[in-house]
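Here is the structure we will look at.
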Protein chains: 2
Amino acid sequence: VHALGIDLGGTHARAALVDAQGRIVDSLRSKLSERTPEAVTRGIAEAVQQLFQQNPHAEKTMSGCGVGVAGQLDAPKGLVKVAPNLGWRDVPFGQMLQQALGHPVKLFNDLTAAAWGELHVGAGRGIRDMLVVFVGSGVGSAIISDGRLVRGAHGLAGEFGHVKVVPGGRQCGCGEKGCLEAYVGGHHLIAQMQELAAKPEGSALRQRVGGDLKKLTPVVLEDAVREGDPAAQALHSTAVGHLALAVANYVTVLNPARLVLGGGVLSRCPLMREQLGKGVATLGSLLARQRVEVVDAALGDDSGVIGAALLALPNP
Amino acid sequence: VHALGIDLGGTHARAALVDAQGRIVDSLRSKLSERTPEAVTRGIAEAVQQLFQQNPHAEKTMSGCGVGVAGQLDAPKGLVKVAPNLGWRDVPFGQMLQQALGHPVKLFNDLTAAAWGELHVGAGRGIRDMLVVFVGSGVGSAIISDGRLVRGAHGLAGEFGHVKVVPGGRQCGCGEKGCLEAYVGGHHLIAQMQELAAKPEGSALRQRVGGDLKKLTPVVLEDAVREGDPAAQALHSTAVGHLALAVANYVTVLNPARLVLGGGVLSRCPLMREQLGKGVATLGSLLARQRVEVVDAALGDDSGVIGAALLALPNP
């Protein structure tokens, strides 16, 4: 038995053939040159076609196709309600892809898919109560309770990037103000660095990239913090402080056996990772924090395609 | 089929015979004159004995006994780890009560039991994804996902009173600082009022109770707020602000179809209830807050005994 797992990001899509044990048999990555729903559908269909040509027996044994999408979905209807990175709103992507592939397609939030992958073949193996938090360009999470995904009444559970940390605070991509993501998501970290670098107290940060503010990244921020730049330290500690408190409180209310941390920003920013671990260890409730094991995601970019494929299998 | 539901509070215990449809057949309330585990066990056993005498057929058809306890439990072991209102620590209460009653006993957190009661015969009927928040002398919650209780890895999920709202802030009964409960739980609201009333800016509040600070209650606070006392308003709005933000964020990450609000403080404090409703409607994430129905708990004091009884039935 095989399933097809697709991870649809903002710049690339990845398609993988995955077996029932969650192993990737073959995979392809394709750049999204154009981001219209039609072009993305076409690009994915071509990649899948190529995968099937390279693996002639796979199509016959295929029993599901799951797609992880970075955005808010109406999953039962196959609808992408809002996908900021793609610029999509109310796109019937499930239906479109299903027609192009000639196979039933299920949509999942990208982090739901990644969490499911980590649970079954990654950092969560053997665990029944798990919380997954990803900090990349956005901030998201997934909750596993007693081995099952907590989806919420409308599939929106886990929208951790949009908890409010400063009511009325920084503008977030979701249209609201003061969301966690508006402080610690990769795009927003960079935007805050650019704002800082344009001010007198940001001169050290500006010089660090030779005045080219496009070179500012979360990694550059951590370098500056490590070397003692007080303005960079203030920015970093505010952002990480919001993240740590929110994650600690999340652990308090959910009492996971394991907290799995991942995402492009968190995996490249060891100071953030370290301070987040300390934050959970001091700010979580006493019993919950003593009993949670904090680990890093183990599958990297593979978690999304593996999880989407496993979720698409019958009775996941 | 009947089950026995017991609600063990800090000052009283209530025992009820409940049928399989969640109806209370008969109930007794007994004052806890002494709070040692032995005395409480004896008191409950006597009440249960009396219930069985009043309902001679019930004992034969009884198929479970559930106890809701205000405290942190190791439920599988029948252990009460910490029950601040009773002054208990690591009490093997499940075993003790089981021996005294001659029937198997299951322990549950009191709010878990109350939420289960509301779900099945109260404000949550027909709902599969529900969040229950109670503000009484303490603050607690329970999470229902797809019709199942989210218990967490060690039965500690829903410890909402101990999310941190002001790191390093007010001392909480749990031993930590800055918990939500330390600002908005009934005991702590009163303590803050007493602190305020002892200061010059609290003179209006002090006069309101004729100088007798023991008469200060959350209801008195709301009277003062309504009549324009600025110091009372500041205290109230800080406490309710913390509560509203925390509940809104809870709704964001869990996406419940219904948020059920209850507890002695919340049900007696209409301003708090109103501001909490507004807070959720403005601070929850856009999609989650538009789709959550905010309602009041419907069963009052009955929810705890009903829920404990239903949870104790086989395959609840």
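If you go through region A:134-158 and keep only what is open to solvent by 30 Å² or more (accessible area, probe 1.4 Å) and closer than 17 Å to A:Gly68 by Cα, you end up with A:Ser137, A:Arg151, A:His154, A:Gly155.
Residues of region A:130-155 being in contact with a Lys or Arg (Cβ under 6 Å, 6 or more places away or on another chain) and free of Cβ contacts under 8 Å to residues at least 60 places away in the same chain, which ones? Don't jump to the end; show me each part of the working.
Just the residues of region A:130-155 that are in contact with a Lys or Arg (Cβ under 6 Å, 6 or more places away or on another chain), to begin with: A:130, A:146-147, A:154.
Across region A:130-155, the qualifying residues are A:Asp146, A:Gly147.
Sort through A:Gln207, A:Gln233 and tell me the only one that's at pLDDT 95 or above, closer than 30 Å to B:Glu176 by Cα and assigned to a helix (DSSP H, G or I). Explain how you work it out, then say what you get.
Numbers: A:Gln207 fails: closer than 30 Å to B:Glu176 by Cα.
Residue meeting the stated conditions: A:Gln233.
Kindly indicate whether any position in region A:122-129 is within 13 Å of chain B (Cβ to nearest Cβ), open to solvent by less than 10 Å² (accessible area, probe 1.4 Å) and touching a residue at least 40 places away in the same chain (Cβ under 8 Å). Checked region A:122-129: at least one residue is within 13 Å of chain B (Cβ to nearest Cβ), open to solvent by less than 10 Å² (accessible area, probe 1.4 Å) and touching a residue at least 40 places away in the same chain (Cβ under 8 Å). The conditions are (1) free of Cβ contacts under 8 Å to residues at least 60 places away in the same chain; (2) within 12 Å of chain B (Cβ to nearest Cβ); (3) open to solvent by 20 Å² or more (accessible area, probe 1.4 Å), and A:Ile190 fails exactly one of them. Which is it? Checking A:Ile190 against (1) free of Cβ contacts under 8 Å to residues at least 60 places away in the same chain; (2) within 12 Å of chain B (Cβ to nearest Cβ); (3) open to solvent by 20 Å² or more (accessible area, probe 1.4 Å), the one that fails is (2).
So which helices (runs of 4 or more DSSP H) stay within region A:244-316 end to end and still have 2 or more residues that are within 14 Å of chain B (Cβ to nearest Cβ)? Please lay out each step first, then the result.
Values: elements: A:264-268, A:270-283, A:286-291, A:302-312.
Helices (runs of 4 or more DSSP H) meeting the threshold: A:270-283, A:286-291.
Residue count for region A:224-255 under the criterion of being surrounded by 15 or more Cβ atoms within 10 Å (Cβ to Cβ) and among the acidic types (Asp, Glu): the result is 1. Across region B:63-87, the qualifying residues are those that are surrounded by 21 or more Cβ atoms within 10 Å (Cβ to Cβ) and away from every other protein chain (no Cβ under 14 Å), and the one among them that is farthest from B:Glu176 (Cα to Cα) is B:Gly64.
Under the condition of being facing chain A (nearest Cβ under 8 Å) and either open to solvent by 20 Å² or more (accessible area, probe 1.4 Å) or without any contact (Cβ under 8 Å) to a residue 40 or more places away in the chain (or both), which residue from region B:159-178 is farthest from B:Gly307 (Cα to Cα)?
First pass over region B:159-178, keeping only residues facing chain A (nearest Cβ under 8 Å): B:159-160, B:162-164, B:167, B:174-176.
From what's left, either open to solvent by 20 Å² or more (accessible area, probe 1.4 Å) or without any contact (Cβ under 8 Å) to a residue 40 or more places away in the chain (or both): B:159, B:162, B:164, B:167, B:174-176.
Working: B:Glu159: 18, B:His162: 23, B:Lys164: 28, B:Pro167: 34, B:Cys174: 25, B:Gly175: 29, B:Glu176: 30 Å.
Per the stated criteria, the residue is B:Pro167.
The values are calculated or read from the model by the stated rules, or taken from the named source; none is laboratory data. Note that the structure is predicted; figures quoted are calculated from it, not measured. Here Cβ is always computed from backbone atoms with ideal geometry, including for glycine, and neighbour counts include all displayed protein chains. These area figures cover heavy atoms from the full protein model, side chains too; ligands, DNA and RNA do not enter into them. Shrake-Rupley method; radii C 1.70, N 1.55, O 1.52, S 1.80 Å.
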